[in-house]
1. How many residues, within the range 70-99, are over 19 Å from residue 42 (Cα atoms) and either surrounded by fewer than 15 Cβ atoms within 10 Å (Cβ to Cβ) or touching a helix residue (DSSP H, G or I) at 6+ places or on another chain (Cβ under 6 Å) (or both)?
2. Within the range 37-63, track down each residue that is within 11 Å of the chain's Cα centre (by Cα) and β-branched (Val, Ile, Thr).
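The values are calculated or read from the model by the stated rules, or taken from the named source; none is laboratory data. Keep in mind the model is a prediction, meaning the values are calculated, not measured. Note: ideal-geometry Cβ built from the backbone for every residue, glycine included; neighbour counts use all protein chains shown.
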Amino acid sequence: MKRLIIAVALLAAGPVVAQAAAPTAKPYVGHELAKSAHVSLEQAQAIALKSRPGKVTDKELEKESGGSGLRYSFDIVADGKTYEVGVDAANGKVLENAAEGKNPD
C-alpha cells in the first residue's frame, strides 16, 4: 500500500517538476530607478527587440558604467542562445548587444 501511495505521489509530482524546469520570464527589476529614466521600459524593450529579435526572458533597469550610467538590460533568447542587450535609459541608444558569457549576471 505504501508503494502505491508513493508511486501515485511521484506521478502527480512529475508534471510539476517538468513545468518548473521550463524557462520563464523573470519579474522586472528596477522600479525604484524608473523616475530617473527618460526612456520608458516599453520603449527600451522595443529598441532592444529591434536590435536583437527574440524572446525577452529577463529585464532590469540598473546603474551601470557606460552611456548615461542608467541602463535597461534585457536577456533575449534567439536561436537557442541568450543575448544581453543594454539600452541607455536617457536616450535609447543600444549600449550592448552580445551573447551572454559562461557566467551571466
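1. The initial filter retains those residues of the range 70-99 that are over 19 Å from residue 42 (Cα atoms), namely 78-82, 98-99.
This time we only want the ones that are either surrounded by fewer than 15 Cβ atoms within 10 Å (Cβ to Cβ) or touching a helix residue (DSSP H, G or I) at 6+ places or on another chain (Cβ under 6 Å) (or both), so: 78-81, 98-99.
Matching residues across the range 70-99 total 6.
2. Those that are within 11 Å of the chain's Cα centre (by Cα) and β-branched (Val, Ile, Thr): 56, 57.
The rows are residues; the columns are (1) of a type in the set (Val, Ile, Thr); (2) modelled with pLDDT of 95 or more; (3) within 25 Å of residue 36 (Cβ to Cβ).
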site	(1), (2), (3)
61	no, no, yes
77	yes, yes, no
83	no, yes, no
91	no, yes, yes
